[in-house]
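FYI, it's all coordinate maths here, none of it is from the lab. No experiment lies behind these values; they were computed from the predicted model shown. Cβ coordinates were reconstructed from backbone atoms using ideal geometry, including for glycine residues, and neighbour counts include every protein chain displayed.
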Amino acid sequence: MTQHCCVAVLSAGSWGTAMSKVMADAGARVVLHARRGEIADAITTTHHNPGYFPDINLPQSVVATTDPAVALDGADFLVLSIPAQSLRSNLAAWAPHIGPQTVVVSLMKGIESGSGLRASQIIADVTGLPANRIAVLSGPNLAGEIMAGQPAAATVACPDETVADQVQRACHTGYFRPYTSTDVVGCELGGAVKNIIALAVGTASGMGMGYNSQALLITRGLAEANRLAIAMGAHPATLSGLTGVGDLVATCSSPLSRNRTFGVYLGEGVTVAEASTAARQTTEGVESAAAILALADAHGVEMPITEIVSRLLSEKATLTEAAAALLQRPPKPEQL
C-alpha cells in the first residue's frame with residue numbers, strides 16, 4: 001500500500017469518484033476537482049458525493065475543491081476522468097498547474113473527433129509531457145461495483161515499467177487489483193472500441209434479439225478491436241486481457257453500462273437525440289464511433305460492426321437495414 005501519496009482527480013463524476021475511493025483506500029490523500037461548489041463542499045464536509053453514489057461513504061482522506069490549482073498542488077498523480085471530447089480544452093486550462101514530477105493517469109476510453117487521437121496522445125500534445133509521465137488505466141471497471149467494494153481489476157499501461165509500477169501501487173487495494181503493461185496503444189484502443197460494440201449489443205437487446213446474437217456481436221467485435229489495435233502497433237495479446245476481453249464482456253453485459261443502455265434505447269426505436277436525453281451522462285461510444293471508423297479506414301482495417309453503429313448514430317441506416325447489413329455479409333473463414 002502506498003502511504004502519503006498525493007492524488008488529484010479531475011473530475012468528480014462517477015468514475016472519478018470511484019477512483020478517488022480506490023486510491024484513498026490504497027493510502028493516498030486525494031483531492032477531487034468538482035465544477036460545482038455545493039458538490040465540492042459536500043464531499044469535503046460529509047464525505048459523500050451527492051451527484052453520484054450519495055449513499056456510499058468516501059474515505060476521510062478524500063476532499064474536494066472547485067479550484068484545479070488547489071487540487072494539483074503537490075500532486076504525485078493527476079488522474080483524469082472527463083469526456084474524451086472535452087479533454088483538450090479542459091487540459092489546456094489545467095496544464096500550467098501540473099507539477100514537474102506529476103504523473104498523469106488517463107481513465108478515458110474515447111477517441112478525439114477530427115484528430116483521431118487517443119487520450120494519451122492528447123495529453124502529450126497539450127502538456128508537452130514525455131511518454132514516461134503518462135499512464136492509462138483500463139479494464140472491466142463499472143464504477144458502481146467498485147464503489148461497493150466488489151472485486152475488480154484493471155490494466156495500467158505506460159512505456160516506462162517503473163512508472164506503471166508506481167501507478168499500480170497507488171491504486172492496489174484488497175478489492176482492486178491492477179496489472180501492468182507497456183502497451184499503451186492496445187490498452188487505449190481496447191477501452192475505446194468496446195464502447196462501440198456495447199452500443200451494438202445493447203441495440204440488439206433492445207430489438208429483442210437473444211444471447212446468441214449478443215454473443216456473436218461480442219466475439220466479432222473483439223476481432224474488430226484486435227485488428228485495429230494490431231494495425232496501430234499494439235501487441236497481439238493485449239486485447240485478450242482485462243482491457244480487451246474483460247472490459248468488453250463487462251460493458252456489453254451489464255445494465256450499469258452507459259453504452260449498452262444507450263444501445264438498448266436505440267433498439268427500442270427512439271432517436272439518437274432522445275437516447276442522449278435519456279442517458280443524461282456522456283456516452284463515449286456515441287462520441288467516438290465516427291473517429292474510430294476513420295482510424296479503421298486510415299489503416300485499411302475492416303470493422304463492419306463499427307461501421308453499422310456509426311451509420312445508426314448518424315441516422316443513415318434504420319435498425320432493419322443495420323441488422324440486414326451484418327447478416328448478409330458474404331460467408332468466410334473465421335479470423336480472430
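Mean residue ellipticity at 222 nm from the helices of the chain, using -39,500 (n - 2.57) per DSSP H segment of n ≥ 4 over the full residue count, to the nearest 500 deg cm²/dmol?
Details: 15 runs with 162 residues, N = 336.
Here the helix-only value at 222 nm equals -14500 deg cm²/dmol.
What list of ³J(HN,Hα) values in whole Hz, one per residue of region 16-25 in order, does the Karplus curve 6.51 cos²θ - 1.76 cosθ + 1.60 (θ = phi - 60°) give from phi, with Gly and Pro shown as x?
After applying 6.51 cos²θ - 1.76 cosθ + 1.60, I find x, 5, 4, 6, 5, 5, 4, 6, 5, 5 Hz.
So what does log10 I(q)/I(0) come out to for the chain at q = 0.07, 0.11, 0.12 Å⁻¹, using the Debye formula with one equal point on every Cα and no solvent?
-0.27, -0.67, -0.80
Reported to two decimal places, what Rg/Rh ratio describes region 30-90 when computed on Cα atoms with Rh from the Kirkwood expression? Write down the numbers at each step before the final one.
Working: Rg = 11.9 Å, Rh = 12.3 Å.
The Rg/Rh ratio comes out at 0.97.
Please compute the net charge surrounding A279, taking Lys and Arg as +1 and Asp and Glu as -1 over other residues with Cβ under 14 Å from its Cβ. Before the final figure, lay out each step's value.
Values: positive: R258, R260, R280; negative: E268, E274, E284, E287.
Computed value for this residue: -1.
Against the longest alpha carbon principal axis of the chain, how many degrees, from 0 to 90 and to the nearest 10, is the axis of helix 211-231 turned?
Roughly 70 degrees, rounded to the nearest 10.
Against the longest principal axis of the chain, how steep is helix 258-267, in degrees 0 to 90 to the nearest 10, with axes from Cα atoms?
Taking the Cα atoms of the chain, the angle to 258-267 is about 30 degrees.
Starting from the Cα of V249, step 7 Å toward the Cβ, then list every residue of region 317-336 with an amide N under 19 Å from that point.
The answer is 336.
By how many nm would the segment from H4 to T318 grow when fully extended, if each residue of separation counts as 0.36 nm and the alpha-carbon distance is taken off? List each step's numbers first, then the result.
Values: separation 314, 0.36 × 314 = 113.04 nm, distance 5.42 nm.
Stretched out fully, the H4 to T318 stretch lengthens by 107.6 nm.
Relative to the present Cα-Cα distance, how much length would full extension add between R169 and S86 at 0.36 nm per residue of separation?
Working: separation 83, 0.36 × 83 = 29.88 nm, distance 2.87 nm.
Net length gain for the segment: 27.0 nm.
As I understand it, the value is the acute angle between the Cα axis of helix 161-170 and the longest principal axis of the Cα atoms of the chain; what does it come to in degrees, rounded to 10?
Roughly 70 degrees between the two axes.
Cα centroid distance between region 76-92 and region 175-232, in Å?
With region 76-92 and region 175-232 each reduced to a Cα centre, they are spaced 23 Å.
To check you understand DSSP bridge types, tell me what percent of the beta bridges within the chain (both residues inside) are antiparallel, rounded to 5. Don't jump to the answer; show the numbers that get you there.
Numbers: 4 of 30 bridges.
Bridges in the chain that DSSP calls antiparallel: roughly 15 percent.
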